[in-house]
Amino acid sequence: MIKKYPFKNILIVALLILFTNEARAQQKTNADSIRSKMQWFADAKLGIFIHWGMYSVNGIDESWSFYNKKISHADYMKQMKGFTASKYNPEEWAALIKETGARYAVITTKHHDGMALWPTKQKHFNVVANTAAKRDVLQPFYAALDQQGIKKGAYFSLLDWSHPDYPGFLKDSNRYKIAEEPARWQRFQQFFQSQINEINTAYKPDLWWFDGDWEKSADEWQSEKVRAQILAIKPTAIINGRLQGYGDYETPEQNFPVTKPKFNWWELCMTTNNNWGYHPDDSAYKTPFEVITIFVDAVSNGGNLLLDIGPKGDGTIPPEQIHILKELGKWNKKNGEAIFGTIAGLPQGHFYGPSTMSKDSMTVYLFLPAQTSGNVMVKGLVNDIKDIEVVGTAQHLQHKVVGKISWSPVPGLVFINVLASVKDEYMTVLKLTLDKPVKLYRGQGGLN
Ligand code: GLC
């Protein structure tokens, strides 16, 4: 064959090269467009997560309480009658979110219990038809976010333990098996995809925060199609990593990375106490200092924080949560320059604490852990430091380079004298202006 039709083979090879190059170019274009749509998210650093639903009425675990049989499904669903939203003030919510410095908010449009916060056209539970609130609570919230210039996120549970066509129900009982009743599963696919489509058409969320994907495969959810349909309506929508492999970023949940995650984009989602929804019996609130420390740690490692609150059934936000949000906002107002729009900081080993950098890396921000003052040290910085300012103040600090050997490429140690008088209430930030883009020495002293 090969000898007989040499031109045909050359043609095939040429076509193959052409297609491969074409595919590579296509891949690059895709990567470029993902990078550009992810830019606001990379700069945003802080989002507020809201778990609001009927579970706030009894103050029990969102959806999981009936799934784990702490309460019967029927009793769980009775909470709908207590879900009044009588003091719900979406403008106040949006203003509070704005005050924190957050750039986006993600609300549970539908949790695993199946109750939609908007009047879904699909035959299923929703806040207008089935709860005491009797009104759409999603639309006014998104409108208030728009007003404040905050990006809109839609949490949406793929699995729906209350839907008659969903196989899963309680931890030890299922409704049916997909293999035995494929048409029933197709009805569910049609149903949940229509709900996504309703939200997408009505509000065009900037971000989709899927959850519950673990119960089914990408094929079963039709993840590729779900993604394509969202992007067909809103091409710049960002999709979280809970769509069985079809998302844009990773979502470690209540788990704190120690080494810098390898993903381009990631977001730590975290509760203010130990629960996502309103839980009056849970007083294990993190302090503002702890929340700020965790936030800075995530940002320093190139991630975002999605900080959760759980409003009550009447729409009021527990005072402990308001306190945390306001303190975080106060700190961000003073120190936000070191957070928003920055990139991950120095690799571990240069400074005993978190850090960030400006995008051009001419500026390094050092976050002093545990209210440190006194002489702090930076190692392996080849640059000259032009200026050190305490962020959010007009104070400038002195530094000293110690142990620089004239003939050695190893930089000296930088000691910065942090006066106790400049200490922030929570976390002091130093802004180091460098002579050139940051250059680091990462060797082992004279040994290499
Ligand atoms: C988990 C839980 C859910 C919660 C979510 C938030 O996946 O199932 O209850 O809403 O985490 O990240």
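The values are calculated or read from the model by the stated rules, or taken from the named source; none is laboratory data. Since the structure is predicted, the reported quantities are computational estimates derived from the model, not experimental observations. Because the Cβ atoms are built from the backbone with ideal geometry, glycine has one as well, and the counts that use them run over all protein chains shown. Ligands, DNA and RNA are excluded from the accessible area calculation, which covers all protein heavy atoms including side chains. Shrake-Rupley method; radii C 1.70, N 1.55, O 1.52, S 1.80 Å.
Meeting the requirement of 2 or more residues that are within 26 Å of the chain's Cα centre (by Cα), the strands (runs of 3 or more DSSP E) wholly within the range 327-440 are 355-357, 363-368, 428-434. Considering the conditions (1) surrounded by fewer than 20 Cβ atoms within 10 Å (Cβ to Cβ); (2) under 24 Å from Thr84 (Cβ atoms); (3) not charged (D, E, K, R), Thr131 is excluded by exactly one of them, (1). Inside the range 374-388, can you point out the residues that are under 9 Å from His350 (Cβ atoms) and open to solvent by less than 50 Å² (accessible area, probe 1.4 Å)? Scanning the range 374-388 gives Val378, Gly380, Leu381. Among the candidates Lys262, Lys286, the residue that is without any contact (Cβ under 8 Å) to a residue 24 or more places away in the chain, at negative phi and of a type outside the set (A, V, I, L, M, F, W, C) is uniquely Lys262.
Which ones in the range 232-280 are in contact with a Ser or Thr (Cβ under 9 Å, 6 or more places away or on another chain) and modelled with pLDDT under 95? Result: Gln254, Lys260.
Okay, residues lined up against (1) of a type in the set (Phe, Trp, Tyr); (2) within 16 Å of the ligand (Cβ to nearest atom); (3) in contact (Cβ under 8 Å) with a residue 24 or more places away in the chain:
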residue: Lys110; (1), (2), (3): no, yes, yes
residue: Trp118; (1), (2), (3): yes, no, yes
residue: Ala133; (1), (2), (3): no, no, yes
residue: Glu180; (1), (2), (3): no, no, no
residue: Ala183; (1), (2), (3): no, no, no
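Scanning for something closer than 21 Å to Gln122 by Cα, assigned by TED's automatic domain parsing to the domain that holds Phe41 and either within 16 Å of the ligand (Cβ to nearest atom) or part of a strand (DSSP E or B) (or both), does the range 193-200 turn up at least one residue? No, the range 193-200 contains no residue that is closer than 21 Å to Gln122 by Cα, assigned by TED's automatic domain parsing to the domain that holds Phe41 and either within 16 Å of the ligand (Cβ to nearest atom) or part of a strand (DSSP E or B) (or both). If you filter the range 316-329 down to residues that are touching a residue at least 24 places away in the same chain (Cβ under 8 Å) and open to solvent by 10 Å² or more (accessible area, probe 1.4 Å), you find that the one that is farthest from Val376 (Cα to Cα) is Thr316. Taking every residue in the range 268-280 that is in the same structural domain as Gly53 (by TED's automatic domain parsing) and pairing it with any residue that is β-branched (Val, Ile, Thr) and more than 12 Å from the ligand (Cβ to nearest atom), at least 6 positions away or on another chain, the pairs with Cβ-Cβ distances below 6 Å are Thr272/Ile324.
Based on this model, can you work out whether Leu306 counts as open to solvent by less than 20 Å² (accessible area, probe 1.4 Å), in contact with a Cys (Cβ under 7 Å, 6 or more places away or on another chain) and either within 16 Å of the ligand (Cβ to nearest atom) or modelled with pLDDT of 95 or more (or both)? Here the answer is yes, as Leu306 does meet what is asked. With respect to Leu268, determine if the residue is in contact with a Leu (Cβ under 6 Å, 6 or more places away or on another chain), closer than 22 Å to Ala338 by Cα, of a type outside the set (Asp, Glu) and within 16 Å of the ligand (Cβ to nearest atom). Yes: the conditions hold for Leu268. Of all residues in the range 247-264, none are in contact with a helix residue (DSSP H, G or I) (Cβ under 6 Å, 6 or more places away or on another chain), more than 27 Å from Tyr352 (Cβ to Cβ) and polar (S, T, N, Q). Of everything in the range 206-254 that's of a type in the set (S, T, N, Q) and within 13 Å of the chain's Cα centre (by Cα), which residue is most open to solvent (accessible area, probe 1.4 Å)? So the residue we want is Gln254.
Let's see how each residue does on (1) away from the ligand (no atom under 16 Å from the Cβ); (2) outside any loop (DSSP other than H, G, I, E, B):
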{"site": "Val226", "(1), (2)": "yes, yes"}
{"site": "Gln244", "(1), (2)": "no, no"}
{"site": "Asn264", "(1), (2)": "yes, no"}
{"site": "Gly277", "(1), (2)": "no, no"}
{"site": "Pro280", "(1), (2)": "yes, no"}
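Scanning the range 207-224 for residues that are under 14 Å from Phe192 (Cβ atoms), away from the ligand (no atom under 12 Å from the Cβ) and either of a type in the set (Lys, Arg) or in a loop (DSSP other than H, G, I, E, B) (or both) returns Lys216, Gln222. For the range 85-104, check the following and say yes or no: at least one residue is within 16 Å of the ligand (Cβ to nearest atom), more than 13 Å from Ser162 (Cβ to Cβ) and touching a residue at least 12 places away in the same chain (Cβ under 8 Å). Checked the range 85-104: at least one residue is within 16 Å of the ligand (Cβ to nearest atom), more than 13 Å from Ser162 (Cβ to Cβ) and touching a residue at least 12 places away in the same chain (Cβ under 8 Å).
Is it true that some residue in the range 153-163 is open to solvent by 30 Å² or more (accessible area, probe 1.4 Å) and either assigned by TED's automatic domain parsing to the domain that holds Thr236 or in contact with a strand residue (DSSP E or B) (Cβ under 6 Å, 6 or more places away or on another chain) (or both)? No, every residue in the range 153-163 fails to be open to solvent by 30 Å² or more (accessible area, probe 1.4 Å) and either assigned by TED's automatic domain parsing to the domain that holds Thr236 or in contact with a strand residue (DSSP E or B) (Cβ under 6 Å, 6 or more places away or on another chain) (or both).
Checking the structure you have, find out if any residue of the range 43-59 is open to solvent by 10 Å² or more (accessible area, probe 1.4 Å), touching a Gly at 6+ places or on another chain (Cβ under 6 Å) and within 13 Å of the ligand (Cβ to nearest atom). No, the range 43-59 contains no residue that is open to solvent by 10 Å² or more (accessible area, probe 1.4 Å), touching a Gly at 6+ places or on another chain (Cβ under 6 Å) and within 13 Å of the ligand (Cβ to nearest atom). Residue-level check: of (1) of a type in the set (Ser, Thr, Tyr); (2) surrounded by fewer than 14 Cβ atoms within 10 Å (Cβ to Cβ); (3) under 23 Å from Thr287 (Cβ atoms), Ser406 misses just (3).
Might you let me know whether the range 365-373 holds any residue that is buried (at least 18 other Cβ atoms within 10 Å of the Cβ) and within 20 Å of Pro437 (Cβ to Cβ)? Yes, the range 365-373 contains at least one residue that is buried (at least 18 other Cβ atoms within 10 Å of the Cβ) and within 20 Å of Pro437 (Cβ to Cβ).
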